[in-house]
Amino acid sequence: MNISDQNRSATFERLLRPHLDRLYRFAWRLTGSKAEAEDLFQDVLVKLFGQLDELVEIEKPGSWISRVLYNHFIDNRRRFARQRLVSVEEGQLPPGGVDSLPGPDSPERDAERADNIMRLDKALAELSEEHRHIVLLHDVEGYKFTEIQEITGAPVGTLKSRLHRARARLRKLLSDGGTF
Amino acid sequence: MSCTHINEKIDDYMDGALDDATTALLDEHIESCDSCRKTIKAAQSLHGLLKDYPVPTPDAAFFDQALAKATHVGAARLRNRWIMTGFGGAIAAVLVAWIIGGMLMQTPEGIDPAANIPGVTMALEEPRTVNLVFSSATTLNDAVLRVSLPTGIEVVGFAGQREITWMTSLQAGKNILPLKLIATTPHGGELLATLEHDDRDRTFRIRVNVT
């Protein structure tokens, strides 16, 4: 199906808008920083505009769109180097990260939460990229295994095995660090 | 049910994917095993922590701006894709140099030095190549270059088009875009070249005289 030039923008926006929030969250999960997430997100929108003729043919394009983003991230890893998940000593963490994410609770609870998130950041950074991605997609963002298979190309059995090992490693890292 | 079984089933247990009978067996073991109880508690804590793992919300206008930019840049990419190449061999034609970032516009040899803006003179109906030279301190991916032409000046191969847009990438160093122009009327005018990258844009002007 070919779309006339006049209709391309409107069609693109109509198809993409329902997926923008989830796509942005995915970009942030992969990159770990606002600036990198926005760059990745923007790159992918430009790319998707060029694939509009293909996009309109897909009945439920959510996973397909996520796969485009994932592949773009993988192909440009060095450019979208994960900024936030760096291994640093406590006290050397960059300012403006988790501390800028206030919660709905008391200051003490917020401080504890921020501390836990920082520890989680560090623990996730210790995982391999594949293990980190499966945790972020499945346990954090709630993607189903079949969706993750479609996005990453890895079989469901492999994904389950990765998740099992990733969770075990996270539990150990956080237990050893005193979080649990 | 042993501790090994718990370790094997812990993910399905946490995800609620076990049948009732197996779940009951696991519960029974966990009740009587300090080590497994500790493991399950850690798994539950991790589950809660991951569910609470935040994503900063983008600025309110970000999605609208991203969509607008995607359609603008995406459309430009579809129209034409000229890739600039690194500045290599000798350039015989007129050069217009522009230093990105430093905002320094150079008026090289061969271009009217008296004018505030560089100029080029060409004969009516005789094609002439003007090389636009861009110097960039860093690589610029997905830059958009837009050339706006005065009436009566055309880019050869783009008859009748007053504005041409390219999606391009600039390498660190010098990059050249050869622009083959032809004057179809004797009036001349100003050619505008605008380079956009991220939120920045720079425009420079070239005066085109026709004899």
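Restricting region A:18-36 to residues that are of a type outside the set (D, E, K, R) and facing chain B (nearest Cβ under 8 Å), the residue that is nearest to the chain's Cα centre (by Cα) is A:W28.
Going by the conditions given, is B:L18 hydrophobic (A, V, I, L, M, F, W, C) and at the interface with another protein chain (Cβ under 10 Å from one of its Cβ atoms)? The answer is no for B:L18.
Per the conditions (1) at pLDDT 85 or above; (2) more than 10 Å from every other protein chain (Cβ to nearest Cβ); (3) farther than 30 Å from A:L30 by Cα, the sole criterion not satisfied by B:K38 is (2). Taking every residue in region B:157-173 that is at positive phi and pairing it with any residue that is among the aromatic types (F, W, Y), at least 6 positions away or on another chain, the pairs with Cβ-Cβ distances below 7 Å are B:G173/B:F87. The residues in region A:126-155 that are more than 15 Å from A:W28 (Cβ to Cβ), within 13 Å of chain B (Cβ to nearest Cβ) and touching a residue at least 40 places away in the same chain (Cβ under 8 Å) can be counted, and the count is 1.
Pairs are defined by a Cβ separation below 6 Å, a sequence spacing of at least 6 or placement on different chains, a first member in region B:117-131 that is free of Cβ contacts under 8 Å to residues at least 60 places away in the same chain, and a second member that is surrounded by fewer than 17 Cβ atoms within 10 Å (Cβ to Cβ); the pairs so defined are B:P127/B:V156; B:P127/B:K180; B:T129/B:A93; B:T129/B:P178; B:T129/B:K180; B:N131/B:I91; B:N131/B:A93; B:N131/B:P178. Each residue in region A:26-46 was checked for being surrounded by fewer than 19 Cβ atoms within 10 Å (Cβ to Cβ) and at pLDDT 90 or above, and 0 of them qualify.
The values are calculated or read from the model by the stated rules, or taken from the named source; none is laboratory data. Owing to the predicted nature of the structure, the values given are computational and were not obtained by experimental measurement. Cβ: placed from backbone, ideal geometry, glycine included. Neighbour counts: every protein chain shown.
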